[in-house]
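Some notes on the structure that comes next.
The values are calculated or read from the model by the stated rules, or taken from the named source; none is laboratory data. Everything numeric here is computed off the predicted structure, so don't read it as measured data. Note that we place each Cβ from the backbone using ideal geometry, even for glycine, and neighbour counts take in every protein chain shown.
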Amino acid sequence: MINWKIALVAAAALLIACGDDVYSNNQKTEEVKLSVSETFLSFDRFGGEKTITVTSATQPGVVSDSDWCGTRAGRISRSKETVVTVTAGANRDLAAKSGKITITCGGEKVVVNISCEARVAPETASTTAVTPQIAFETIGPGWNMGNHMDAINNGVSSETVWGNPMCTQATMNGVKAAGFKSVRICTTWEGHIGSAPDYKIEESWMARVEEIVGYAEKAGLVAILNTHHDESYWLDIAKAYANPARHELVKNQIFNFWTQVAKRFESKGEWLIFESFNEIQDGGWGYSDAFKKNPSAQYTILNEWNQTFVDAVRGTGGNNATRWLGIPGYAANPGFTMTGLTLPKDYTSANRLLVAMHDYDPYNYTLNNPLVRRFGHTADASLRISGDNEAGLRSTFSQIKAKYIDKNIPVYLGEMGCSRHQADDLPFQKYYLEYFCKAAADSGLPMLIWDNGAKGTGPEKHAYIDHGTGAFIDDIAQELVQIMIKAVTTSDPSYTLDSVYNSAP
């Protein structure tokens with residue numbers, strides 16, 4: 001009988017003994033040498049994402065030496081392969097970038113060279129000017145879909161988290177049927193933007209924004225798309241003011257963010273307007289100690305941010321080369337805007353920039369009620385703001401007109417309105433809205449009513465149209481909207497600001 005003996009040794013050779021004869025298959029464990037599928041990665045000026053495959057004995061180490069290029073390594077597979085994702089941010093510099101990604105395993109090292117082409121300053125796009133009259137006829141009157149896509153909770157924006165229903169096609173159809181020409185789709189992006197260097201926008205959030213913009217397009221509305229409450233998060237100007245390095249990081253994020261948005265909507269026509277920011281301010285609304293001590297410092301920061309926005313959008317070309325762009329000043333406040341805003345350098349043969357402001361004057365009547373119940377020269381002095389209420393509005397509009405409109409620079413009031421007052425004060429609210437809108441229209445200022453969906457009376461109650469169905473929330477809301485539209489669109493020469501004044505309650 002043959003006696004077989006089998007033994008395994010540490011060298012992984014299989015020894016087979018038969019009688020006095022010994023055989024070896026000499027099969028040692030195969031050594032895995034570090035290698036990569038690509039040793040050079042090149043990105044265009046818009047950045048993006050690429051992958052390489054690393055083969056190694058164990059999980060490799062991956063390090064980038066460039067802040068414009070990030071890496072993310074997956075887990076090594078049974079086949080000893082690791083997929084490494086390489087991301088590059090959009091290049092806002094007019095010089096190419098280069099760097100290296102070093103991959104290590106054990107004592108081995110492989111270098112992958114990386115590059116990103118330079119930003120190309122856009123060539124001057126031939127176009128026609130957006131005049132104040134064109135802007136007025138195109139935008140006003142308009143409606144804000146507020147506290148909707150800009151609603152946010154625990155640092156993540158969400159469409160219904162502040163109580164408004166999902167927007168539908170019926171919403172935009174109703175806005176159009178009500179007589180509005182435009183919709184400002186207030187959108188907060190916080191919680192849906194990835195990390196440096198590319199700050200990739202979450203696809204599901206971008207797709208929902210795109211869907212709502214599509215509703216506006218189908219309804220025949222001009223749409224204004226912006227960043228909204230982001231000023232409390234990544235667009236925090238107070239932190240940028242205190243830290244120049246953070247200021248530069250914010251500019252990188254602005255450039256990457258708006259590059260992505262512009263490319264996503266590059267096929268859309270001029271009916272889609274991009275508005276860089278909402279109400280950038282340091283938390284004090286222009287009255288903080290830091291701002292009062294040195295307002296020019298924060299003006300400078302915001303002016304640079306607006307220029308970065310224009311550079312990003314124009315750099316994507318196509319329809320974005322001449323798209324209308326809304327440029328807000330500090331806190332979107334008329335006074336601070338007229339004092340500190342420097343319009344960005346554009347890349348068009350004729351003006352395509354619009355100054356964006358908000359106006360809720362007088363604040364203690366429009367937003368802080370019931371502190372002040374009534375408005376205007378016929379109201380009891382104890383129930384209204386002291387002084388000449390109507391003259392206050394006219395003064396603001398005449399200053400805006402002299403600063404911009406008379407110089408052929410269009411302006412739009414992206415937000416205006418008045419919290420719903422109680423029944424016995426309602427006639428004065430109707431008068432306020434009519435007088436405001438007529439005075440603004442006479443100065444060539446299109447305006448968009450703020451609607452946050454909050455029903456009832458009291459501070460911050462601005463509901464007019466149901467955000468889900470497009471129907472008026474009640475008969476009073478319909479009447480208020482009709483008054484505003486009348487003030488803006490009536491061409492009867494006998495209908496004047498004086499006639500409105502003389503019809504005060």
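Here are a few things to note about the model shown:
Every residue, every condition in (1) more than 30 Å from Asp311 (Cα to Cα); (2) part of a loop (DSSP other than H, G, I, E, B); (3) at pLDDT 95 or above, yes or no:
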site: Val63; (1), (2), (3): yes, no, yes
site: Thr85; (1), (2), (3): no, no, yes
site: Ala95; (1), (2), (3): no, yes, yes
site: Ser98; (1), (2), (3): no, no, yes
site: Thr102; (1), (2), (3): yes, no, yes
site: Val111; (1), (2), (3): yes, no, yes
site: Ile114; (1), (2), (3): no, no, yes
site: Val120; (1), (2), (3): no, yes, no
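- In region 422-468, the residues that are of a type in the set (A, V, I, L, M) and part of a loop (DSSP other than H, G, I, E, B): Leu445, Ala454, Ala463
- Within region 243-317, helices (runs of 4 or more DSSP H) holding 3 or more residues that are free of Cβ contacts under 8 Å to residues at least 12 places away in the same chain and either of a type outside the set (S, T, N, Q) or outside the structural domain of Lys181 (by TED's automatic domain parsing) (or both): 244-264, 289-293
- In region 14-47, the residues that are more than 30 Å from Ile101 (Cα to Cα) and modelled with pLDDT of 50 or more: none
- Per-region count, region 128-157, residues buried (at least 16 other Cβ atoms within 10 Å of the Cβ) and either at positive phi or of a type outside the set (D, E, K, R) (or both): 20
- Residues located in region 63-100, provided they are in contact with a Lys or Arg (Cβ under 8 Å, 6 or more places away or on another chain), of a type outside the set (Asp, Glu) and surrounded by fewer than 21 Cβ atoms within 10 Å (Cβ to Cβ): Ser64, Ser66, Thr85, Arg92, Leu94
- Across region 302-321, the qualifying residues are those that are farther than 15 Å from Arg352 by Cα and polar (S, T, N, Q), and the one among them that is nearest to the chain's Cα centre (by Cα) is Thr308.
- Only one of the numbered conditions (1) over 29 Å from Lys50 (Cα atoms); (2) not in a strand (DSSP E or B) is not met by Glu210, and that is (1).
- The lone criterion from (1) of a type in the set (Ser, Thr, Tyr); (2) farther than 30 Å from Asp442 by Cα; (3) in contact (Cβ under 8 Å) with a residue 40 or more places away in the chain left unmet by Ser158 is number (3).
- If only residues of region 175-207 that are without any contact (Cβ under 8 Å) to a residue 60 or more places away in the chain, surrounded by fewer than 21 Cβ atoms within 10 Å (Cβ to Cβ) and not in a loop (DSSP other than H, G, I, E, B) are counted, the one that is farthest from the chain's Cα centre (by Cα) is Lys176.
- Of all residues making up region 399-412, the number that are buried (at least 16 other Cβ atoms within 10 Å of the Cβ) and free of Cβ contacts under 8 Å to residues at least 60 places away in the same chain: 1
- Index of the failed condition, Asp442 passing every other in (1) closer than 30 Å to Thr128 by Cβ; (2) crowded, with 24+ Cβ neighbours inside 10 Å: (2)
- Thr342 vs. criteria in the same structural domain as Leu272 (by TED's automatic domain parsing), among the hydroxyl-bearing types (Ser, Thr, Tyr), part of a helix (DSSP H, G or I) and at pLDDT 95 or above: no
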